[in-house]
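> Below you will find the structure I want to go over with you.
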Amino acid sequence: MTDEASTRPEARAPRGFADRRGRDLTAERRIVARVSEVYERWGFEALETPAFEYADALGKFLPDADRPNEGVFALQDDDDQWMALRYDHTAPLARFAAQNWETLPKPFRRYAYGPVWRNEKPGPGRFREFWQCDADTVGSDRPEADAEIIAMGCEGLRAAGLAAGQAVIRVSNRKLFDGLFDAGGITDPMQRLTALRAVDKYDRLGVEGVRLLLGEGRLDESGDYTKGANLPASVIGAIEAFLASAEAPGLSRAGVLDAVSGAALGVAGEEALKELAAIDRALTAMGVSQDDVRFDPTIVRGLEYYTGAVFEAELLLDTKDEKGRAVRFGSIGGGGRYDDLVSRFTGQSTPATGFSFGVSRLASALRAAGRGAEDATRGPVVAIVFSEDDIQHYLDAVSELRAAGIAAELYLGRAGMKAQMKYADRRGAPAAVILGGDEIAAGQVTIKDLDAGRARAAAIADNDAWKAERPGQQTVARDQLVAVVRSIIE
């Protein structure tokens with residue numbers, strides 16, 4: 001190995017970061033554009049905050065950390081203050097609202113989209129950089145604000161490409177469990193948190209697994225032991241009865257509230273029921289179906305974050321991996337009420353509620369469901385180069401197509417025609433423009449319909465038949481170039 005070769009950097013992307021080409025970018029841009037149109041129609045204002053925030057504004061760090069990079073990517077500015085790349089869009093919103101509260105319309109309704117960064121261990125489908133799209137209302141404590149966010153989330157998911165029955169938003173309220181704990185005399189915050197984490201595994205572990213985690217703990221199939229919440233048997237029984245009460249199939253949102261109302265919910269739980277009933281009334285008034293939004297008391301997301309209503313969007317669409325095996329995407333977004341976030345800056349409680357979904361995750365889910373065909377990048381029409389002497393003719397053709405609003409390019413390599421046609425195919429070009437000497441002399445142009453060629457090639461096994469048919473190729477008058485190419489594209 002030469003010294004020069006040994007000093008060359010290895011071409012590699014950092015772990016947890018991915019390069020994305022046209023198909024992925026097209027899918028994500030389409031989702032963002034469609035969802036943004038919905039959010040603006042609902043009266044939400046676009047807001048873009050910086051990629052960096054001061055680390056203390058993100059509120060995710062241990063106070064004794066010498067370098068605040070737990071979960072985020074941080075650096076120290078020249079004034080010795082730590083800055084970190086945002087890990088979501090909500091913390092920057094809280095900072096912005098606190099900083100500009102006096103001049104903002106109240107409630108303040110905004111949506112945001114863009115990349116976020118997490119300094120976490122990457123894995124399959126788990127990246128350190130990905131796109132999110134959020135919508136939030138800051139300054140309203142009305143349950144109708146939660147209902148509006150939920151209903152708008154439903155419409156946004158439809159706009160993104162999910163039809164009726166392909167997703168459901170499940171809704172609950174964190175105060176339900178607060179009431180259960182209060183009634184059972186459970187006051188230790190860590191014990192409550194451990195119990196909520198156990199309930200959060202209900203859909204995966206079932207009643208028996210949750211019962212073990214609410215008690216002493218659980219040994220899983222791999223031999224790993226998870227310490228439990230050590231709740232009294234009476235409280236475990238109350239939680240089990242509470243969860244089971246909403247398990248009856250076909251219950252409406254009001255039916256779920258009736259079913260859980262018999263539990264010993266305490267003051268907080270009763271308040272939660274009233275808030276959920278108000279959300280149900282507003283959802284019904286907005287025409288949101290029982291299938292699109294359901295009440296599910298097992299939803300306990302954002303354990304140290306949300307203060308009231310919580311919601312989670314679950315994908316119901318059948319999805320498969322690249323080998324055709326069924327895969328489950330599960331949650332594709334969620335949100336809830338967080339009334340304490342702005343108060344970190346102001347010291348005053350400011351109610352807020354919001355919904356967020358992963359743009360990259362949803363695009364991947366749609367592709368796994370076989371819905372990625374529309375995201376295939378359509379390349380430009382490619383003009384083939386035969387002779388340096390005729391460059392002006394090629395440039396004229398490309399300029400004419402572009403002026404007509406058609407993406408077009410002149411091949412700028414130095415390969416022969418066969419390689420140029422292969423290039424056009426790899427670019428996903430819908431057509432190739434051929435202006436050889438004969439065409440130029442006759443005032444004509446040959447246009448090869450590459451889309452038709454691909455379709456026919458897939459059905460023709462005999463190469464002689466392929467040559468005989470010369471699929472999708474026609475020679476027309478030069479002034480018909482734009483019209484013929486447009487007919488191919490459209």
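> Looking at region 57-86, which of the residues that are surrounded by 12 or more Cβ atoms within 10 Å (Cβ to Cβ) and farther than 24 Å from F130 by Cβ is modelled with the lowest pLDDT?
If we filter region 57-86 for residues that are surrounded by 12 or more Cβ atoms within 10 Å (Cβ to Cβ), which is where we start, we get 57-61, 65, 68-76, 82-86.
If we keep only those that are farther than 24 Å from F130 by Cβ too, we end up with 65, 76.
Working: A65: 51, Q76: 88.
Filtering region 57-86 for residues that are surrounded by 12 or more Cβ atoms within 10 Å (Cβ to Cβ) and farther than 24 Å from F130 by Cβ, the one modelled with the lowest pLDDT comes out as A65.
> Answer yes or no as to whether R118 is more than 23 Å from V38 (Cβ to Cβ) and in contact with a Pro (Cβ under 7 Å, 6 or more places away or on another chain). Please lay out each step first, then the result.
Values: more than 23 Å from V38 (Cβ to Cβ): yes; in contact with a Pro (Cβ under 7 Å, 6 or more places away or on another chain): no.
Considered against the rule, which asks whether it is more than 23 Å from V38 (Cβ to Cβ) and in contact with a Pro (Cβ under 7 Å, 6 or more places away or on another chain), R118 comes out as no.
> Continuing with this model, one more query. Among the numbered criteria (1) open to solvent by 20 Å² or more (accessible area, probe 1.4 Å); (2) assigned to a loop (DSSP other than H, G, I, E, B); (3) closer than 30 Å to Y39 by Cα, which single criterion is violated by T350?
With (1) open to solvent by 20 Å² or more (accessible area, probe 1.4 Å); (2) assigned to a loop (DSSP other than H, G, I, E, B); (3) closer than 30 Å to Y39 by Cα applied to T350, the lone miss is (1).
> Moving on. Write out, first by first residue and then by second, each pair whose Cβ atoms fall under 8 Å of each other, whose residues are 6+ apart or on separate chains, and whose first residue, in region 304-320, is of a type in the set (D, E, K, R) and at pLDDT 80 or above while the second is in a strand (DSSP E or B) and open to solvent by 40 Å² or more (accessible area, probe 1.4 Å).
E312/R170; E312/S331; E314/R170; E314/S331
> Let me ask you something else. Does I279 satisfy being at pLDDT below 95 and not small (G, A, S)?
Working: at pLDDT below 95: no; not small (G, A, S): yes.
So I279 fails the test.
> Moving on to the next point. Restricting region 237-257 to residues that are at pLDDT 90 or above and either surrounded by 15 or more Cβ atoms within 10 Å (Cβ to Cβ) or polar (S, T, N, Q) (or both), which is nearest to I149 (Cα to Cα)? Don't jump to the end; show me each part of the working.
Kept after step one, since they are at pLDDT 90 or above, are these residues of region 237-257: 252-257.
From what is left, the residues that are either surrounded by 15 or more Cβ atoms within 10 Å (Cβ to Cβ) or polar (S, T, N, Q) (or both) are 252-254, 256-257.
Numbers: S252: 20, R253: 17, A254: 19, V256: 21, L257: 20 Å.
Filtering region 237-257 for residues that are at pLDDT 90 or above and either surrounded by 15 or more Cβ atoms within 10 Å (Cβ to Cβ) or polar (S, T, N, Q) (or both), the one nearest to I149 (Cα to Cα) comes out as R253.
Let's see how each residue does on (1) among the acidic types (D, E); (2) touching a strand residue (DSSP E or B) at 6+ places or on another chain (Cβ under 9 Å):
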site: L214; (1), (2): no, no
site: G217; (1), (2): no, yes
site: D220; (1), (2): yes, yes
site: G223; (1), (2): no, no
site: N230; (1), (2): no, yes
site: S252; (1), (2): no, yes
site: G269; (1), (2): no, yes
site: E275; (1), (2): yes, yes
site: D280; (1), (2): yes, yes
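> Only residues that are hydrophobic (A, V, I, L, M, F, W, C), part of a helix (DSSP H, G or I) and either touching a strand residue (DSSP E or B) at 6+ places or on another chain (Cβ under 9 Å) or farther than 17 Å from S140 by Cβ (or both): list them for region 94-108, please. Step through it out loud before you land on a result.
Of all residues in region 94-108, those hydrophobic (A, V, I, L, M, F, W, C) come to 94, 96-98, 101, 104, 108.
If we keep only those that are part of a helix (DSSP H, G or I) too, we end up with 94, 96-98, 101.
Correct list: A94, F96, A97, W101.
> Identify all residues within region 152-167 that are open to solvent by less than 10 Å² (accessible area, probe 1.4 Å) and more than 15 Å from the chain's Cα centre (by Cα); write none if there are none.
M152
> Next question, about the same structure. Kindly provide the set of residues from region 401-456 that are more than 39 Å from the chain's Cα centre (by Cα) and among the charged types (D, E, K, R), ordered by number.
R414, K418, D438, E439
> Right, something else. Please specify each residue of region 330-373 satisfying the condition of being within 13 Å of A27 (Cα to Cα) and without any contact (Cβ under 8 Å) to a residue 24 or more places away in the chain.
Scanning region 330-373 gives a single hit, A373.
> Just for region 1-54: of the residues that are of a type in the set (V, I, T) and either within 30 Å of R426 (Cα to Cα) or out of contact with any helix residue (DSSP H, G or I) (no Cβ under 6 Å at 6 or more places or on another chain) (or both), which one is most open to solvent (accessible area, probe 1.4 Å)? It would help to see each step written out before you state the result.
First pass over region 1-54, keeping only residues of a type in the set (V, I, T): 2, 7, 26, 31-32, 35, 38, 49.
The next check asks that each one be either within 30 Å of R426 (Cα to Cα) or out of contact with any helix residue (DSSP H, G or I) (no Cβ under 6 Å at 6 or more places or on another chain) (or both); those that pass are 2, 7, 26, 31-32.
On the way: T2: 85, T7: 107, T26: 45, I31: 5, V32: 13 Å².
Only one residue fits best here, namely T7.
> Would it be correct to say that R371 is assigned to a helix (DSSP H, G or I), open to solvent by 40 Å² or more (accessible area, probe 1.4 Å), modelled with pLDDT under 95 and more than 30 Å from D56 (Cβ to Cβ)? Lay out the reasoning, then the answer.
On the way: assigned to a helix (DSSP H, G or I): no; open to solvent by 40 Å² or more (accessible area, probe 1.4 Å): yes; modelled with pLDDT under 95: yes; more than 30 Å from D56 (Cβ to Cβ): yes.
Answer is no for this residue.
> For L219, indicate whether it is surrounded by fewer than 18 Cβ atoms within 10 Å (Cβ to Cβ), out of contact with any His (no Cβ under 6 Å at 6 or more places or on another chain), within 26 Å of T353 (Cβ to Cβ) and not acidic (D, E). Spell out how you get there, then give the answer.
Values: surrounded by fewer than 18 Cβ atoms within 10 Å (Cβ to Cβ): yes; out of contact with any His (no Cβ under 6 Å at 6 or more places or on another chain): yes; within 26 Å of T353 (Cβ to Cβ): no; not acidic (D, E): yes.
Considered against the rule, which asks whether it is surrounded by fewer than 18 Cβ atoms within 10 Å (Cβ to Cβ), out of contact with any His (no Cβ under 6 Å at 6 or more places or on another chain), within 26 Å of T353 (Cβ to Cβ) and not acidic (D, E), L219 comes out as no.
> Check D141 against each of (1) closer than 30 Å to Q348 by Cα; (2) modelled with pLDDT under 90; (3) open to solvent by 40 Å² or more (accessible area, probe 1.4 Å) and name the one condition it does not meet.
With respect to (1) closer than 30 Å to Q348 by Cα; (2) modelled with pLDDT under 90; (3) open to solvent by 40 Å² or more (accessible area, probe 1.4 Å), D141 is out only on (2).
The values are calculated or read from the model by the stated rules, or taken from the named source; none is laboratory data. Here the structure is a predicted model, which is why all the values come from computation and not from measurement. All Cβ positions, glycine included, derive from the backbone under ideal geometry; neighbour counts span all protein chains shown. Ligands, DNA and RNA are excluded from the accessible area calculation, which covers all protein heavy atoms including side chains. Shrake-Rupley method; radii C 1.70, N 1.55, O 1.52, S 1.80 Å.
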